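S.K.: Handing you this structure, nothing more for now.
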Amino acid sequence: MSNEPAAVPPPPTVTPRVRTTGEDLYLEVVLNGSSTEKLVHFIHRGETLCATARDLRDLGFILPPGDGERCLPDIQELRYTYDVRLQRVDIQVPNARLQLSTHILNRQERPALRATSGTGVLLNYDIYAAHGGGEGNISGLAELRGFSEGLGVLSTTSLTRRYQSHGAGWRGDSVRLDTQWRLSFPDRAQVLTIGDTFTGYLAWTRATRIGGIAYGTDFATQPYRVTTPLPQFFGEATAPSSVELYIDGVRQYSGKVPAGPFQLTAVPGIDQAGQAQVVLTDALGRSSTVTFPFYAARQLLRQGLDDWSVELGTVRRAYGIDSFAYGDAPVGSATWRHGVTDTLTLESHAEAGDGRGTAGAGGVWNPVGAHVLNASLSMSRGGGMQYGLGYAWNGHYMNAAIDTLRGDARYRDVAAGYGSPPPRVSDRALIGFNVRESSFGANLVRLRYSGQPISRYAGLFALRNIGRGVSLSASYNRNLDDASDRSFFIGVTLALDRRATLSASMQRDRERAFGVVDASRAIDGDGGFGWHVQGRSGADAGGLGEVGWLGNRGQLTVGASDVGPSSYSYADANGAIVLMGGHVFAARRIDDAFALVTTEGAADVPVLLENRRTGVTDSRGLLLVSRLNAYQDNRLAIDPLDLPADDRVQRVEATIAPADRSGVMVRFPVKRVRAALVTLVDESGVPLPVGSTVAAGGGGNAIVGYDGMVYLDNLEGSTILDVGIQGGGHCEATLDYPPHARNLPDLGPLACRARAP
């Protein structure tokens, strides 16, 4: 009789019941072709399976009140098959007798990785120099940025200029532009800014540059959060099926759905109207197609979502001229948007300071289809009023919009005290058509400021893609109040390849007419060379030429221009200098986030960003990768194929989410092991048998392969090898590892001498 304990079955997913008459079974349940991944307690009586009403309700069955036992044959329209071998019951029942949860397909929102940051300092620079005709200038734009985990980002920007004119020496000045400390709270999608910033604004208000404090919503900290309403399709599958979603004929999603209700989200382009098709195909190949129109508008907020900000400070004056000119009076501002429903978003804005103030409210409404209406009403201190109305329609082949914003002479916002007042009249109308490969349309703008005559401008435009990389474009613009103020443009563009283009155009601006022939090859985002040449005829005859280079350490552009009366040569250099982890790096300009990759000293290791090679580690085992997106998932990896055979890598890829404009350290530890291929022979020189075991230095056993070869690692300078010979017996050999060995040396043959019994 065996003393081994009996195998323990997996625990049921429901509470075990008190045994009643019949055979107790715990069966896997397959419902309408889909596994429920549940073990349910059944009572087997003859050919009948019974279960409690509670367990059946947990599976989704709609049953009369009561917790008693229910036998499957007693449920109307239910069929089942009991598989004794698999201990599984397959149940088929109409969906009308089930209350199933809705399966969400093509889910757009997903949690983002926790944003992290290292500690470091970064300097972005852009230096431009030009000289010609006895004049010259040098300017430098710099951004100094410091960052640390949990402490946010402190940054300042400045502009330094030196210039030379005829008959005078070099002169220059420097001006501070913006200085701010910014602390983000990604879990709440909110940001605190102290220093130079802007007040919040809406389509019917004006932003004001201030120095002070601002706090509010920033959805950029949650990049995978859907903030606008998306069209959704609700359906029901009677059996496990495949689902496909097409947007204007292009497949956007393909997946599987179990029997029951499901929800499918369409993701159209911004402000797009069109047709969506859902194709449902069951296991028998039967297909059904449902077509529905949709419209998406970025002006709308999803139902229940809020977007707000509050600011307090003083108005920045003479920006770009004076480094520290601020107003004396404090100003405050608050802006709020709320998604009441997926088709209605309410807006409000209030500001006050320096004897002025405004308060107003508005809304954006999508009543039906692709129609969007907006309206606003705002009052200012002193009785001034401003109102706005607008309508937009975006169809598949046509779009149109008309809006107006009007205020009386007494309407003054805070910005009016430091610059021009808001316009008295601002009207805009446009219409556009998209027909096959052509786009064309017209626009009209009407603008009037207090004390000035009204300005009216009209324009026509057309674009046609002929094919094979050739496109034609034309435009005509005219001041309706001054017949001489008009311009006309017509051009053709040819794409030579993915990066090179050739274009020719003719333009007339007032009384000046000229032609331009232009050829360029853009610099690839991964780096390399690019160039640009241009020739001009007519009023400004001449030409220019330039060449540029982009690498991981910066960008350099040099060129010369001889257009009209002006002739000069120029050069531009931009990039970044980074101090992080105790090391200094030169890099291309970094406007967003970056990573410092370390392989713990292993040099010349290729590093991949989103499966694209971005560089190799230097002699210190470091590489700065500059093209990362803050708060988003960025996949970094190393290619271990080029590593020596005696190097071990703990991991080869990592997905990271850097914080706002920060750098993060990414470690791929590469450990060098003292390893070798050793050939073992017996005392007569015959290779040891295959399958013999080798213990080196008390570690785990290694197995001898063909020709007496065995792989050993973690070797010391001198190691005793204890060998268990296949077939019986033991022997010992002494291995002396070379002190400067690399790349898995072949050692031996080593004689393994029999060990005394």
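S.K.: Rule-of-thumb check for the stretch 445-517: C-alpha Rg over 2.2 N^0.38 Å? Spell out each step's value before the answer.
M.R.: Numbers: Rg = 16.4 Å, N = 73, 2.2 N^0.38 = 11.2 Å.
Dividing the Cα radius of gyration by 2.2 N^0.38 Å gives 1.46.
S.K.: Oh, and also: Which loop trypsin sites (Lys or Arg not before Pro) in the stretch 182-217, with loop taken from DSSP, have no more than 11 other Cβ atoms within 10 angstrom of their Cβ?
M.R.: Values: sites: R182, R188, R206, R209; in loops: R188, R206.
Those satisfying the criteria are R188.
S.K.: Within the chain, what is the longest stretch that has no chymotrypsin sites (Phe, Trp or Tyr not before Pro) placed in a DSSP loop and near at most 12 other beta-carbon atoms within 10 Å? It would help to have the intermediate numbers written out before the result.
M.R.: Working: sites that count: F324, Y397.
That would be 398-757.
S.K.: Here is a follow-up. Return the distance in nm (one decimal) between the two label points of a simple spin-label model at I720 and I62, each offset 7 Å from Cα along Cα→Cβ.
M.R.: 8.0 nm
S.K.: Here is a follow-up. Filter the trypsin sites (Lys or Arg not before Pro) in the stretch 690-755 to those in DSSP coil with at most 13 other Cβ atoms within 10 Å of their Cβ, and list the result.
M.R.: Details: sites: R742, R753, R755; in loops: R742, R755.
Taking the stretch 690-755 and a limit of 13 other Cβ atoms within 10 Å, the loop trypsin sites (Lys or Arg not before Pro) found are R742, R755.
S.K.: Just round it to a whole percent: the fraction of Cα-Cα distances in the stretch 529-588 exceeding 17 Å. Numbers along the way, then the final one.
M.R.: Values: 952 of 1770 pairs.
Result for the distance tail: 54 percent.
S.K.: Taking the beta-carbon count within 10 Å as an exposure proxy, list E546, E135 from fewest neighbours to most. Don't skip to the answer; put the middle values down first.
M.R.: Numbers: E546 19, E135 14.
Least to most surrounded, the residues fall as E135, E546.
S.K.: In addition: So how do T199, T341, T599 line up by other beta-carbon neighbours within 10 Å, fewest first? Let's see the in-between values first.
M.R.: Details: T199 29, T341 14, T599 25.
Ordered by Cβ neighbours within 10 Å, fewest first: T341, T599, T199.
S.K.: Of E351, E732, E77, how do they rank once you tally other Cβ atoms within 10 Å and put the fewest first?
M.R.: Ascending Cβ contact count within 10 Å gives the list E77, E732, E351.
S.K.: Quick one: dipole size for the stretch 23-100, taken about the Cα centre, charges +1 on Lys/Arg Cβ and -1 on Asp/Glu Cβ, in debye to the nearest 20.
M.R.: 160 debye
S.K.: When a/c reaches 1.5 or more, the comparison of a/b and b/c decides; with that in mind, is the stretch 18-65 rounded, prolate or oblate per its Cα gyration tensor?
M.R.: On the way: a/c = 1.92, a/b = 1.32, b/c = 1.46.
It comes out oblate by the Cα gyration axes.
S.K.: May I ask you to derive the FRET efficiency for R45 and T81 from their Cβ-Cβ distance with R0 = 22 Å, giving the value to the nearest 0.05? Show your work: numbers first, answer last.
M.R.: Values: r = 17 Å, r/R0 = 0.77.
Result of the calculation: an efficiency of 0.85.
S.K.: Here's something else I'd like to know. Can you compute the FRET efficiency between K256 and D633 using 1/(1 + (r/R0)^6), with r the Cβ-Cβ distance and R0 = 22 Å? Round to the nearest 0.05.
M.R.: Working: r = 24 Å, r/R0 = 1.11.
My answer for the efficiency is 0.35.
S.K.: Expected output is a single nm value to one decimal: the length gained when fully extending between I402 and V121, i.e. 0.36 nm times separation in residues minus the C-alpha distance. What is it? Please report the intermediate quantities before stating the final value.
M.R.: Working: separation 281, 0.36 × 281 = 101.16 nm, distance 4.81 nm.
Contour length minus Cα-Cα distance gives 96.3 nm.
S.K.: First select every other residue whose beta carbon is under 15 angstrom from the beta carbon of G384; then total the charges, Lys and Arg +1, Asp and Glu -1. Mind dumping the intermediate values first?
M.R.: Values: positive: R206, R356, R381, R406, R410, R412, R424; negative: E351, D408, D413.
Here the count lands on +4.
S.K.: Turning to a different aspect of this structure: Given C-alpha coordinates of the stretch 676-754, what is the ratio Rg to Rh with the Kirkwood estimate of Rh?
M.R.: With Rh from the inverse mean 1/r over Cα pairs, Rg/Rh is 0.93.
S.K.: Expected output is a single nm value to one decimal: the length gained when fully extending between H740 and A695, i.e. 0.36 nm times separation in residues minus the C-alpha distance. What is it?
M.R.: On the way: separation 45, 0.36 × 45 = 16.20 nm, distance 2.33 nm.
Roughly 13.9 nm would be gained on extension.
S.K.: Continuing with this model, one more query. List, in order, the whole-Hz ³J(HN,Hα) value for each residue of the stretch 168-184 obtained from phi through the Karplus relation with A = 6.51, B = -1.76, C = 1.60 and θ = phi - 60°; use x for Gly and Pro.
M.R.: With the stated coefficients, the stretch 168-184 comes to 9, x, 7, 10, x, 7, 9, 9, 7, 9, 10, 9, 7, 10, 10, 10, 9 Hz.
S.K.: Right, here's the next one. Can you work out the FRET efficiency for the pair V340 and R317, with r the C-beta to C-beta distance and R0 = 60 Å, to the nearest 0.05? Please report the intermediate quantities before stating the final value.
M.R.: Numbers: r = 39 Å, r/R0 = 0.65.
FRET efficiency, V340 to R317: 0.95.
S.K.: Given points 7 Å out from each Cα along the Cα-Cβ axis, report the T679 to A129 separation in nanometres with one decimal.
M.R.: Each label point lies 7 Å from its Cα, and together they span 6.4 nm.
S.K.: Among residues other than V93 whose Cβ falls under 13 Å from its Cβ, what is the net charge (Lys/Arg +1, Asp/Glu -1)? Write down the numbers at each step before the final one.
M.R.: Working: positive: R70, R79, R97; negative: D74, E77, D90.
Residues close to V93 contribute a combined charge of 0.
S.K.: Separate question: Would you kindly work out the equivalent ellipsoid of the chain from its C-alpha gyration tensor and give its semi-axes, the square roots of five times the eigenvalues, largest first in whole Å?
M.R.: Values: eigenvalues 749, 440, 153 Å².
So the equivalent ellipsoid measures 61, 47, 28 Å along its semi-axes.
S.K.: Under 11 Å from the Cβ of A576, count the other residues' Cβ atoms, weight Lys and Arg +1, Asp and Glu -1, and hand me the total.
M.R.: +1
S.K.: Could you check the spin-label model distance between R176 and V649? Points 7 Å from the Cα along Cα→Cβ, value in nm.
M.R.: The modelled label-to-label distance comes out at 4.6 nm.
S.K.: Could you tell me the convex hull volume per residue, in Å³, taken over the Cα atoms of the stretch 123-192? Could the numbers behind the result be given before it?
M.R.: Details: hull volume 6.2 nm³, N = 70.
Residue-normalised Cα hull volume stands at 89 Å³.
S.K.: May I ask you to compute the full-extension gain from H166 to L579, defined as 0.36 nm times their residue separation minus their alpha-carbon distance, rounded to one decimal in nm?
M.R.: Working: separation 413, 0.36 × 413 = 148.68 nm, distance 4.15 nm.
Between H166 and L579, full extension yields an extra 144.5 nm.
FYI, it's all coordinate maths here, none of it is from the lab. Just so it is clear, the model here is predicted, and its values are computed rather than measured. In this analysis, Cβ positions are derived from the backbone assuming ideal geometry, glycine residues included, and neighbour counts consider all displayed protein chains.
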